[in-house]
1. Report, ordered by chain and residue number, the lysines lying within cross-link reach of Lys116, taken as a straight Cα distance under 20 Å and ignoring same-chain residues fewer than 8 apart.
2. Gln2 to Glu65: FRET efficiency via 1/(1 + (r/R0)^6), r the Cβ-Cβ distance, R0 41 Å, to the nearest 0.05?
3. How far apart, in nm, are two points set 7 Å out from the Cα along the Cα-to-Cβ line at Glu47 and at Leu135?
4. Run through every distinct alpha carbon pair of the chain and return the Kirkwood hydrodynamic radius in angstroms, one decimal place.
5. Can you list the HN-Hα couplings for the stretch 17-32, worked out from phi with the Karplus curve (6.51, -1.76, 1.60; θ = phi - 60°), rounded to whole Hz and with x for Gly and Pro?
6. Subtracting the Cα-Cα distance from 0.36 nm times the residue separation, let me have the gained length for Lys86 to Leu127 in nm, one decimal.
7. Taking the chain as the reference, fit the longest principal axis to its C-alpha atoms, fit the long axis of helix 162-172 to the helix C-alpha atoms, and give the angle between the two in degrees, 0 to 90, nearest 10.
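Any read-out appearing in this document is the output of simple, stated calculations on the displayed coordinates, not a laboratory observation. Because the structure is a prediction, the values reported are computed rather than measured. When we count neighbours, we look across all protein chains shown, and the Cβ atoms used for this are built from the backbone with ideal geometry, even at glycine.
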Amino acid sequence: MQAFNARGISTIGYKPVAAGSDMTEQGLRNSDALHLQQTASIELDYEEVNPIALKAPASPHIAAEIDSTSVDCALLSEKLEQHKSKAELVLVEGAGGWRVPISKNGFLSSWVAEEKLPVVLVVGVKLGCLNHAMLTVETIKNDGLEIVGWVANRVNPCEEHYRDIINFLEQNIDAPKIGEIPYVAGVMKKDLSKYIQLDAII
């Protein structure tokens, strides 16, 4: 989102569902959603950025049951449409992987497919990421959605086969690599726009 802001493109960050939220004087707040709220070029109330905040650090369907609530996909769609009318770009962040459950028999990916959203895949580069990344790519395509780009996020600075992993992903993901984020301490406070190349997707 920082990279889009730097190009003068108006942005809204949207995290429809967030588990692992902390109780504050203002209510439940999730650190990822707060970061989206602070980074976006358009100011919104927290509840607009994250309409469903859940307390337990668990899969959303489990966290929702603990909180005696449910994930209302109609509400998620309503907020998304409102955001689209306000910003040139709405960046929608997931909640724990492509096939994360939001109910006993529903998945957040089903809502994404219903909304026909283009997908940017973020790969946390570490041991085991190749299998996970390629299965995710296959599943997204089988769901009928387009992967418009992917980003490598170096989450393990000690990964000795880092470059080999990147090379494999470049050769096997049929979408442009639009960014390579190095390991950065205190990443939430950093401007990472210089690591993102948007030309392939705008």
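1. Lys15, Lys79, Lys84, Lys86, Lys141
2. 0.70
3. Placing both labels 7 Å beyond Cα along the Cβ direction yields 3.9 nm.
4. With all distinct Cα pairs of the chain included, I get 17.8 Å.
5. 10, 9, 9, x, 8, 9, 7, 10, 5, 8, x, 5, 9, 9, 4, 5
6. Residue separation times 0.36 nm, minus the Cα-Cα distance, leaves 10.7 nm.
7. Approximately 80 degrees, to the nearest ten.
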